[in-house]
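To keep things clear, I will list the structure first and then write my remarks on it.
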Amino acid sequence: MKYKQPSLPYSNDALYPVISSETIEYHYGKHEKAYIDNLNKLIEGTEYEDMELEEIIQRTNGALFNNASQAWNHIFYFFSLSPDGGGEPEGKLADAIKEQFGSFEKFKEDFERACVSLFGSGWVWLSRDNNGKLVITQESNAGNPLTSGLTPLLTFDVWEHAYYIDYKNLRASYVKKMWSIVDWDIVSSRY
Ligand code: MN
């Protein structure tokens, strides 16, 4: 098996009360594990076996794309979070957010609106384009901004499995709480 699920850099109960240990057990322990297991099965003995995961995401569609992208997206999501997160970004990313959105508060409003208005399952992303410009995008299902030539910086998973145990149908409440566990040091390092 080429891909192994990395251990999270925090314990399952570390993000409580924003994300419960039960959600992490299901979301990372079962959903993400299944995407990685499926990805390993789908690439075995094919031309994709020796390809970088990012390249698989950019070159495929259907089941292979869905599992490859979901495997990547979840690691990106969970490794953007920290029990010591929250606050605001500093440095160049903070400057870019202020310049483009007016303020950090306005950026959060725009991002939350994108999360709440995404119909069905998907992801909302903050990315950087080739000119350093920031862009918020909605992606349905397994979508990933790498396929549009963007550099992902931050994502919120808005599939129901990300929040239903803790927030039931209240996606907006989940999104609002998420800011307190975003690791801005990691997000800034991607900018
Ligand atoms: Mn998910």
### Task
Taking the convex hull of the Cα atoms, report for the range 91-190 its projected area averaged over all directions, in nm².
6.2 nm²
## Note on the structure
Hydrophobic long helices for the chain, i.e. whole DSSP H runs reaching 18 angstrom or more by Cα along the axis with Kyte-Doolittle mean at least -0.5, come out as 62-78
#### Entry: For the range 52-61, Karplus couplings with θ = phi - 60° (6.51, -1.76, 1.60), whole Hz, Gly/Pro x
4, 4, 4, 6, 4, 4, 7, 10, 10, 8
#### Entry: Whole-number Å³ per residue for the convex hull built on Cα positions in the range 44-113
154 Å³
### Globularity index of the chain, i.e. its alpha-carbon radius of gyration over 2.2 N^0.38 Å
1.01
### Simple Cβ-charge dipole of the range 37-191, Lys/Arg +1 and Asp/Glu -1, about Cα centre, in debye nearest 20
620 debye
### Query
Quick one: how many Å² of PHE104 are accessible to a 1.4 Å probe, rounded to 10?
30 Å²
### Task
Determine the dipole magnitude for the range 21-78: charges of +1 sit on the beta-carbon of Lys and Arg, -1 on that of Asp and Glu, nothing else is charged, the reference point is the Cα centre, and the result goes in debye to the nearest 20.
220 debye
### Relative contact order of the range 91-190, defined on C-alpha pairs under 8 angstrom at six or more residues apart (%)
24 percent
### Query
Of PRO17, LEU154, LEU118, whose Cα points farthest to the positive end of the dipole of the chain (charges on the beta-carbon: +1 Lys, Arg; -1 Asp, Glu; origin at the Cα centre)?
LEU118
### Task
State the Cα centre-to-centre distance between the range 6-51 and the range 64-125 in whole Å.
19 Å
### Task
Could you tell me what fraction of 2.2 N^0.38 Å the Cα radius of gyration of the range 21-78 comes to, as a two-decimal ratio?
1.14
## Note on the structure
Other residues with Cβ under 13 Å from the Cβ of ASP183 give, with Lys and Arg +1 and Asp and Glu -1, a net charge of -3
### Summary
When the charge dipole of the range 38-191 is computed with +1 at the Cβ of Lys and Arg and -1 at the Cβ of Asp and Glu, the Cα pointing farthest to the positive end, of LEU39, PHE104, ASN73, is that of PHE104
### Message
Given the whole protein assembly as supplied and a 1.4 Å probe, what does the accessible area of ASP185 come to in Å², nearest 10?
### Response
120 Å²
### Query
For the chain, which whole percent of the accessible surface, found with a 1.4 angstrom probe, sits on carbon and sulfur atoms?
48 percent
### Task
May I ask which of LYS33/LYS177; LYS2/LYS30; LYS4/LYS133; LYS106/LYS133; LYS30/LYS108; LYS33/LYS176 have a Cα-Cα span longer than 22 Å here?
LYS33/LYS177; LYS4/LYS133; LYS30/LYS108; LYS33/LYS176
### Query
Which whole-number percent gives the relative contact order of the chain, counting Cα pairs below 8 Å spaced six or more residues apart?
25 percent
### Task
Could you run the Karplus curve 6.51 cos²θ - 1.76 cosθ + 1.60 with θ = phi - 60° over the range 123-134 and give me ³J(HN,Hα) per residue in whole Hz, x for Gly and Pro?
9, 10, 10, 9, 10, 10, 8, 5, 9, x, 6, 8
### Query
Quick one: accessible area per residue over the chain, 1.4 Å probe, rounded to a whole number of Å²?
50 Å²
### Message
Charges at C-beta only: +1 for Lys and Arg, -1 for Asp and Glu. How large is the resulting dipole of the range 1-129 about its Cα centre, in Debye rounded to 20?
### Response
200 debye
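The values are calculated or read from the model by the stated rules, or taken from the named source; none is laboratory data. Just so we're clear, the structure is a prediction, and the values are computed from it rather than from any experiment. For neighbour counting, all protein chains shown are included, and Cβ atoms are generated from backbone atoms with ideal geometry for every residue, glycine included. To get the accessible areas, we keep the full protein, side chains included, count just its heavy atoms, and leave off ligands, DNA and RNA. Shrake-Rupley method; radii C 1.70, N 1.55, O 1.52, S 1.80 Å.
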